[in-house]
Amino acid sequence: TAATSPGPTPAPLGTGTPVPEPSGATPTSTRTRSRPPVTPRTTRPTPSVRTTAPAACFGPVRYDLVLAETELALLKSLCFAAGGILRIRGIGPGEVTVDREDLVSRSYEAGVVDIRFVRTGTVVVTIPQDGRTYPITVVVV
């Protein structure tokens, strides 16, 4: 029997190794012969305007800040969706201040200050405690 020279050895199925084209052939695609062609997915364009709050922001929720249990020096900033409320417990009337009255609605009752963030923007809430004042920057989206 005549010995024949073996041709290129095909790659095992699933490896994704391209099979060489015969000499002189023009490749028509980059897909491999061991897999079926991949159908491209249709994607939707992403909107250029953000319609939801960033992942690091709370939604329009109430955030309770209990002064007897919180180290204010560690709380530098918060982020809420419009409609969110910062509830500060354990403080006297008129002690908490904000730098943007036009962005908030405030109320006080029995040692509790509620600050509702009614419009988007940035508000600095200042809370006095133990002779110091602590600013908390609140971003409202």
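If you check Val112, Val96, Val38, Val49, which single one turns out to be more than 26 Å from the chain's Cα centre (by Cα) and at pLDDT below 95?
Values: Val112 fails: at pLDDT below 95; Val96 fails: at pLDDT below 95; Val49 fails: more than 26 Å from the chain's Cα centre (by Cα).
Residue meeting the stated conditions: Val38.
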Quiz item: Filter segment 132-141 for residues that are over 18 Å from Arg89 (Cβ atoms) and of a type outside the set (S, T, N, Q); which is nearest to the chain's Cα centre (by Cα)?
Solution: Val141
Self-check item: Residue that is nearest to Pro60 (Cα to Cα) [pool: residues in segment 75-91 that are of a type outside the set (A, V, I, L, M, F, W, C) and outside any loop (DSSP other than H, G, I, E, B)]
Solution: Arg87
Quiz item: Of the residues that make up segment 118-131, is at least one within 27 Å of the chain's Cα centre (by Cα) and touching a residue at least 60 places away in the same chain (Cβ under 8 Å)?
Solution: no
Quiz item: With segment 92-140 as the region, which strands (runs of 3 or more DSSP E) entirely inside it contain at least 2 residues that are closer than 16 Å to Thr70 by Cβ?
Solution: 112-117, 121-129, 132-140
Exercise. Collect the residues in segment 65-74 that are surrounded by 14 or more Cβ atoms within 10 Å (Cβ to Cβ) and assigned to a strand (DSSP E or B), keeping them in residue-number order.
Key: Leu65
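The values are calculated or read from the model by the stated rules, or taken from the named source; none is laboratory data. These numbers come from a predicted model, not from an experiment. All Cβ positions, even for glycine, are placed from backbone atoms using ideal geometry, and neighbour counts span all protein chains on display.
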